[in-house]
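What follows is a set of notes on a single structure, which appears directly below.
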Amino acid sequence: PASLDVPFKATMAVIPTPWNARTELLEIGIKGDVPPATARAPENLTFLIDTSGSMDEPNKLPLLKRAFGLLVDHLHADDTVSIVTYAGSAGVALKPTKATDRAAILGALDQMDAGGSTDGVDGIALAYKVNAEAKAAGSVNRVILATDGDFNVGISEPDALKSYIRTQRDTGIFL
């Protein structure tokens with residue numbers, strides 16, 4: 001786009017089909033405005049990933065692992081990543097690690113397998129704890145939850161979960 005007045009622009013091209021001379025391909029491209037990079041506060045991210053049995057499908061845990069890997073590519077050197085997983089119980093898959101240690105982060109993601117029940121509440125509690133330990137002055141603190149469904153172990157009452165998350169938000173850590 002030439003200006004912010006037009007948020008995206010489409011382009012089209014018709015090209016011959018390489019495998020069939022009697023047909024053509026229509027290529028459509030859409031490009032949105034890319035805001036300029038600005039200075040931002042360091043990010044303290046905790047990936048909270050559901051590794052329960054229901055995540056054992058190609059479009060679930062494997063897709064999440066790839067998506068988080070792509071996110072790591074866009075982090076800054078002063079950002080921190082930790083990974084908490086949960087299934088039948090919660091565990092720390094990666095202690096707080098600088099985003100520059102991409103190999104450690106991707107290695108932890110690669111080691112994840114799906115199986116078990118869904119103890120999401122213990123996962124959330126552990127993710128907040130891990131994130132709080134890595135919290136630094138001026139940092140943006142986030143727990144990024146990736147799940148396909150319900151919590152079937154521990155607190156399952158939506159209002160109790162909302163209250164817990166609200167309490168954590170008041171400490172400066174957002175879900």
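The values are calculated or read from the model by the stated rules, or taken from the named source; none is laboratory data. Keep in mind that what you see is a predicted model, and the values were worked out from it rather than measured. Please note: Cβ atoms are built from the backbone with ideal geometry, for glycine as well, and neighbour counts cover all protein chains shown. The protein model used for the area step is the full one, side chains on, heavy atoms only, and it has no ligands, DNA or RNA in it. Shrake-Rupley method; radii C 1.70, N 1.55, O 1.52, S 1.80 Å.
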Of the residues in the range 119-133, those that are open to solvent by 10 Å² or more (accessible area, probe 1.4 Å), within 9 Å of Ala90 (Cβ to Cβ) and either at pLDDT 95 or above or hydroxyl-bearing (Ser, Thr, Tyr) (or both) come to Leu126
Going through (1) in contact with a Gly (Cβ under 9 Å, 6 or more places away or on another chain); (2) over 17 Å from Leu145 (Cα atoms) one by one, Tyr86 fails only at (2)
For Ser52, the lone unmet condition from (1) out of contact with any Leu (no Cβ under 6 Å at 6 or more places or on another chain); (2) more than 30 Å from Val130 (Cα to Cα) is (2)
When Ser117 is run through (1) farther than 23 Å from Asn44 by Cα; (2) out of contact with any Gly (no Cβ under 6 Å at 6 or more places or on another chain); (3) of a type in the set (Ser, Thr, Tyr), the failure sits at (2)
Selection from the range 1-16 of residues open to solvent by less than 100 Å² (accessible area, probe 1.4 Å) and either of a type in the set (Lys, Arg) or within 30 Å of the chain's Cα centre (by Cα) (or both) yields Pro1, Val6, Pro7, Ala10
Within the range 1-16, restricting to residues that are in a strand (DSSP E or B) and β-branched (Val, Ile, Thr), the one that is nearest to Asn141 (Cα to Cα) is Thr11
### Query
Regarding Tyr164, is this residue open to solvent by 60 Å² or more (accessible area, probe 1.4 Å), in contact with a helix residue (DSSP H, G or I) (Cβ under 9 Å, 6 or more places away or on another chain), assigned to a helix (DSSP H, G or I) and not small (Gly, Ala, Ser)?
yes
Across (1) within 21 Å of Ala41 (Cβ to Cβ); (2) out of contact with any strand residue (DSSP E or B) (no Cβ under 6 Å at 6 or more places or on another chain); (3) free of Cβ contacts under 8 Å to residues at least 24 places away in the same chain, Gln111 clears everything bar (1)
Counting only strands (runs of 3 or more DSSP E) wholly inside the range 17-118, the ones holding at least 1 residues that are touching an Asp or Glu at 6+ places or on another chain (Cβ under 8 Å) and buried (at least 18 other Cβ atoms within 10 Å of the Cβ) are 43-50, 80-86, 90-98
